[in-house]
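Some notes on the structure that comes next.
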Amino acid sequence: MLFNTFVFLLFFLVVYSVFLGFGWFAKKQRWAYRAQNLWLLFASYFFYGWWEWFFLTLIFISTIIDYIAARLIESSNHQIQRRIFLAVSVFANLGLLFTMKYYDFFAVNLIDSWNQIVVWLGGTAATDSSTFLLKNIVLPVGISFYTFQTMSYTIDVYRKQIQAERDFFDFALFVNFFPQLVAGPIERAQDLLPQLKAPKFPTMESVQKGLYDILLGYFMKVYVADNLATYVDQVFLAGKSFYTQNPDIIQGMDGSQVFAGGFLFLTQIYCDFAGYSFIALGISRLLGVTLTVNFETPEFSKTPTEFWNRWHVTLNRWFRDYIYFSLGGSKYGKFAQYRNLCIVFFLSGLWHGANWTFITWGCLQGLYTIVYFVGSPKKKEDLGDKTIEETSSISSKLLQILTGTFSRIFVYTLVSFSAVAFRSYDAHMMGVYFQKFLSVWTWDLSPNNNVKNMFGLWEEYFKIFLPLLILDGITYFKKDRYWLFLAHPLIQAFVLSFMAFLILTRGVFGKEVIYFAF
């Protein structure tokens, strides 16, 4: 069930009406609080089961294993036993994730290698029909998100940072809370569980902020992202099947088009994912629960590290807390730090998908970050707009603006270059597009090329993205996501009505979220 569909609107109206009914009594009557949580749990299972009821068994398995494992970890006084129980939880979750998400990748590569050996020895290669069951497993939506969330819970219990949850149904709601179930944010138990266990009834402030988050999310998703998709698909093709049937079609693309396409796709996936996350944030606020903001205007980042502090915040926090710090972080010298960063970004690429394109994308992010650390004369604090060193001798405000603007464009260009790998269907397409991106552009577009030239792509890009760029810019420099509520009422009315107008007149409804594939 997608947020950007009419059926979800009906679903939420029913769920919210009953939720508010229970919430009215929840502060004074324990039965109402219990009914409220059980109702949300039922709604969450129904929400996820709308795609495929069978995949609910995977969530049941993760929920039961991690609930029991955390209780056993907490009750045990022997370190070896605690490690065994933690290992059961981690391996069970990673086993499900590997089987459903990565098995196909390794099976395909294994079969290809086997066929090469067999042919070299004079035998007959295995056909697609004989390996169909071996290579084809359907990916359950959102599995990467909820497995990481449940793993973080058992790891935190093992580290004695939180206590194991006694109430199974409250824990199940933590795992399955429908606003953030399929596309994050990846919440920590210490942040989300206490809110779920408390009686929930929205305040006027939370309703106001929640409605704004929902409007902003729809604006980013159905207006910006889904309108940009038309032009992104011109450069990167609308579907993998069309590419596999016509692999030579990418040879007619010019480097200037690939360059513009990288920018368009990076902005599309930002607005697609962040928009869906803001809708989740707003819906959750209406339910009296505050989720983590997953995107903090990353397009205004001046350094690679600032970009990753602002892009998919909860995933990067997960890798930092459970991988980077576990490997030692920066405690053992620069070489160890750079090695740990490489591992984290490699795993981040692999998390996004079982494809060499994602691994290449992750490695490029690691390269950018390491080069930045090596090239920085001093350690910098990437806190919003304070990345300019306080000891800087630059006194000219104009020069600061120019250097800041150049830094932001340069960082966004680097990430856009890596986005070419992210959007490519396979290693061959990625290699061709990288070569075109980096080679001399011909600017000669053949009559059979139905793709707009670079200037046409840029024109559409700014026509669609400029309103959000202005909103995000004000948010970035004011450091306040809800600055609009402090503005003049006429400004509020204009901005809100303008966003609503574009959603209703230019919005594209019903398109899936790109990150559902991860």
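All of the numbers you see were taken from the coordinates with simple rules; none came from a lab. Fair warning: this is a prediction, and the values are worked out from it, not measured in the lab. Every residue, glycine among them, receives a Cβ derived from its backbone with ideal geometry; neighbour counts consider all protein chains shown.
Figures for the structure shown
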item	result
Inter-site label distance for Glu205 and Gln79 at 7 Å from Cα along Cβ, in nm	4.5
Length gained when the stretch Ala87-Leu504 is fully extended (0.36 nm per residue, less Cα-Cα span)	145.1 nm
Gyration tensor verdict on the stretch 258-310 (Cα atoms; rounded if a/c is under 1.5, prolate if a/b is larger than b/c, oblate otherwise)	oblate
Net charge of Cβ neighbours under 15 Å - reference Phe325; Lys, Arg +1; Asp, Glu -1	+4
Prolate/oblate/rounded label for the chain (Cα gyration tensor, a/c 1.5)	rounded
DSSP H segments from the chain that extend 20 Å or more along their own axis, Cα-based, with Kyte-Doolittle mean of 0.5 or above	6-26, 56-75, 79-97, 103-120, 255-286, 334-352, 356-375, 397-423, 454-478, 489-506
Those residues of the stretch 65-101 whose amide nitrogen sits under 17 Å from the label point placed on Phe168, 7 Å along Cα→Cβ	65-73
Spin-label model distance (nm) - Trp24 vs Leu56, 7 Å beyond Cα toward Cβ	2.9
Gain in span if fully extended, Phe6 to Phe346, counting 0.36 nm per residue against the direct Cα distance	118.5 nm
Gain in span if fully extended, Phe406 to Lys331, counting 0.36 nm per residue against the direct Cα distance	23.7 nm
Likely footprinting exposure, Phe295, Phe516, Phe345, Phe455, fewest C-beta neighbours within 10 Å first	Phe455, Phe516, Phe295, Phe345
Computed helical MRE - 222 nm, the chain, DSSP H runs ≥ 4 contributing -39500 (n - 2.57), nearest 500	-21500 deg cm²/dmol
